[in-house]
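*Asks:* Quick one: structure below, then a few questions.
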Amino acid sequence: MLVGVVAWLGGLGGAVFGSQVADWLDDPPSRSSDQPLDVAAPRPGFENRIDVAQVTSYVAPSTVTVSADIAGGMSLGTGVIISDDGEILTNAHVVDGADEVRVRLAGESEPREVTVLAADRGNDLALLRMAGDGFAAATFADPGSVRIGDDVMAIGFALGLDGEPSVTLGIVSAMDRSVGQDNLFLDGLIQTDAAISSGNSGGPLVNAAGEVIGINTAVARDTAVFTATNVGFAISVGEALPVVEALRAQADGAVREEAFLGVGLEDRRDGGQGVIVIDVEPGTPAADVGVGVGDLIVAVDGAVTDGSSALIAAIRDKQPGDSVTVAIVRDAESIELDVTLTDRPD
């Protein structure tokens with residue numbers, strides 16, 4: 001778990017006529033789009049290196065600046081258009097607590113007002129929508145087509161610099177990373193060495209075909225204990241796609257519920273895998289099946305828990321009423337417990 005090391009990326013404090021002006025003046029819709037997301041067919045891989053100029057020209061029209069007025073200042077990030085009728089995906093922390101949010105499209109000089117349709121702080125994704133149609137929607141990569149070593153490019157409005165978005169080149173350094181900080185726990189992350197900076201939050205990480213493989217969200221920074229070099233994280237397409245559908249449902253009135261296990265956790269400090277249970281709340285699903293203080297939780301539904309961030313995120317992504325198999329080690333004995341999760345208390 002990279003507590004103290006991970007830094008979330010958002011938070012920096014020509015004339016257009018005709019239909020575009022009309023779009024600016026229209027109130028942005030408050031309901032989600034009914035258009036399906038554009039997801040590419042599976043790919044066996046890429047034979048050639050990424051053509052930065054070509055991919056930039058393809059992706060830039062789908063990439064927007066996001067500026068949010070918040071108490072005491074402004075938050076600046078990046079977003080990606082995901083439907084041609086104006087839906088935009090960005091990070092929740094870019095628009096968290098905003099009084100007003102605007103976006104500016106490639107080639108335009110004036111911002112457009114947007115509605116924050118829904119936000120999921122736990123998964124750090126938010127869905128926005130602007131008025132109008134005919135926008136250039138991004139294509140998402142097939143989740144199974146993302147591989148370690150693939151060339152990738154990050155695109156976004158790093159540091160809020162004037163002009164066109166910044167692009168940086170790297171590779172997929174690792175898959176299925178988990179990080180946590182300030183009550184925000186993410187799993188299934190793509191790690192990349194493509195340089196990403198403040199202002200890149202919510203922008204796309206794309207492959208050689210210009211398909212979005214992730215949403216840039218955080219970087220690891222140096223501390224007194226850790227040294228970090230070119231370690232960035234993007235919410236993977238496999239994690240993002242179901243969250244987008246959940247956000248659409250939430251925008252249209254569905255109530256979002258999070259699952260709950262009922263344990264307090266502590267990361268191991270001996271280099272081993274798993275997470276230590278330090279507290280079990282009475283009357284919770286964990287207590288009901290006999291999880292005890294001192295147990296080592298090593299997997300949930302067969303997925304290894306490398307630390308508390310991974311376990312918290314794995315449970316949060318479930319629904320109340322879901323049954324999961326929790327693998328624990330107790331006194332050197334391996335035990336599997338079937339747990340039915342409940343609603344997370346307020």
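*Asks:* Here are the criteria: (1) over 22 Å from Ile88 (Cα atoms); (2) touching a Ser or Thr at 6+ places or on another chain (Cβ under 8 Å). Tell me which single one Gly144 does not satisfy.
*Replies:* (2) is the only condition that Gly144 fails.
*Asks:* Going by what's in this entry, would Leu169 be described as surrounded by fewer than 22 Cβ atoms within 10 Å (Cβ to Cβ) and of a type in the set (A, V, I, L, M, F, W, C)? Spell out the reasoning first.
*Replies:* On the way: surrounded by fewer than 22 Cβ atoms within 10 Å (Cβ to Cβ): yes; of a type in the set (A, V, I, L, M, F, W, C): yes.
Taking the combined requirement at face value, the residue satisfies it.
*Asks:* When segment 251-298 is examined, which residues are found to be touching a helix residue (DSSP H, G or I) at 6+ places or on another chain (Cβ under 9 Å) and within 30 Å of Leu127 (Cα to Cα)?
*Replies:* Ala254, Arg256, Glu258, Ala259, Phe260, Leu261, Gly262
*Asks:* So, one more: Any idea how many residues of segment 89-120 are over 22 Å from the mean Cα position of the chain (by Cα) and of a type in the set (Ser, Thr, Tyr)?
*Replies:* 1
Table: residues versus (1) farther than 17 Å from Leu341 by Cα; (2) aliphatic (A, V, I, L, M); (3) under 23 Å from the mean Cα position of the chain (by Cα); (4) surrounded by fewer than 19 Cβ atoms within 10 Å (Cβ to Cβ).
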position: Glu266; (1), (2), (3), (4): yes, no, no, yes
position: Gln273; (1), (2), (3), (4): yes, no, no, yes
position: Ile278; (1), (2), (3), (4): yes, yes, no, yes
position: Gly290; (1), (2), (3), (4): no, no, no, yes
position: Ser308; (1), (2), (3), (4): yes, no, yes, no
position: Gln319; (1), (2), (3), (4): no, no, yes, yes
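*Asks:* Something else: Which of the residues that make up segment 35-72 are surrounded by 11 or more Cβ atoms within 10 Å (Cβ to Cβ) and part of a loop (DSSP other than H, G, I, E, B)? Write out each step before concluding.
*Replies:* The first filter runs over segment 35-72 and keeps only residues surrounded by 11 or more Cβ atoms within 10 Å (Cβ to Cβ), leaving 35, 37-40, 43, 46, 50-52, 54-70.
The answer is Gln35, Leu37, Asp38, Ala40, Arg43, Phe46, Ile50, Asp51.
*Asks:* Sticking with this structure for a sec: Please enumerate the residues belonging to segment 172-197 that are surrounded by fewer than 21 Cβ atoms within 10 Å (Cβ to Cβ) and either outside any strand (DSSP E or B) or in contact with a Cys (Cβ under 6 Å, 6 or more places away or on another chain) (or both).
*Replies:* Matches in segment 172-197: Asp182, Asn183, Asp193, Ala195.
*Asks:* Filter segment 82-102 down to the residues that are of a type outside the set (Gly, Ala, Ser), within 28 Å of Leu189 (Cβ to Cβ) and in a loop (DSSP other than H, G, I, E, B) and list them by number.
*Replies:* Once the filter is applied, which keeps residues that are of a type outside the set (Gly, Ala, Ser), within 28 Å of Leu189 (Cβ to Cβ) and in a loop (DSSP other than H, G, I, E, B), segment 82-102 yields Ile82, Asn91, Asp96.
*Asks:* Need a quick list: strands (runs of 3 or more DSSP E) entirely within segment 103-163 having at least 3 residues that are β-branched (Val, Ile, Thr) and over 16 Å from Glu211 (Cβ atoms). Before you say what the answer is, go through the steps one by one.
*Replies:* Working: elements: 112-120, 125-130, 151-156.
Correct list: 112-120.
*Asks:* So, one more: Look through segment 143-182, keep the residues that are over 21 Å from Gly238 (Cβ atoms) and acidic (Asp, Glu), and return whichever of them is modelled with the highest pLDDT.
*Replies:* Glu164
*Asks:* Could you say which residue among Gly86, Gly77 is of a type in the set (Gly, Ala, Ser), in contact with a helix residue (DSSP H, G or I) (Cβ under 6 Å, 6 or more places away or on another chain) and buried (at least 24 other Cβ atoms within 10 Å of the Cβ)? Explain how you work it out, then say what you get.
*Replies:* Working: Gly86 fails: in contact with a helix residue (DSSP H, G or I) (Cβ under 6 Å, 6 or more places away or on another chain).
Of Gly86, Gly77, the one residue that is of a type in the set (Gly, Ala, Ser), in contact with a helix residue (DSSP H, G or I) (Cβ under 6 Å, 6 or more places away or on another chain) and buried (at least 24 other Cβ atoms within 10 Å of the Cβ) is Gly77.
*Asks:* Moving on to the next point. Looking at segment 137-186 only, could you name the residues that are within 16 Å of Arg49 (Cβ to Cβ) and of a type outside the set (A, V, I, L, M, F, W, C)?
*Replies:* Result: Arg147, Gly149, Asp150, Asp151, Thr168, Gly170.
The values are calculated or read from the model by the stated rules, or taken from the named source; none is laboratory data. Because the structure is predicted, anything quoted here is derived from the model rather than measured. When we count neighbours, we look across all protein chains shown, and the Cβ atoms used for this are built from the backbone with ideal geometry, even at glycine.
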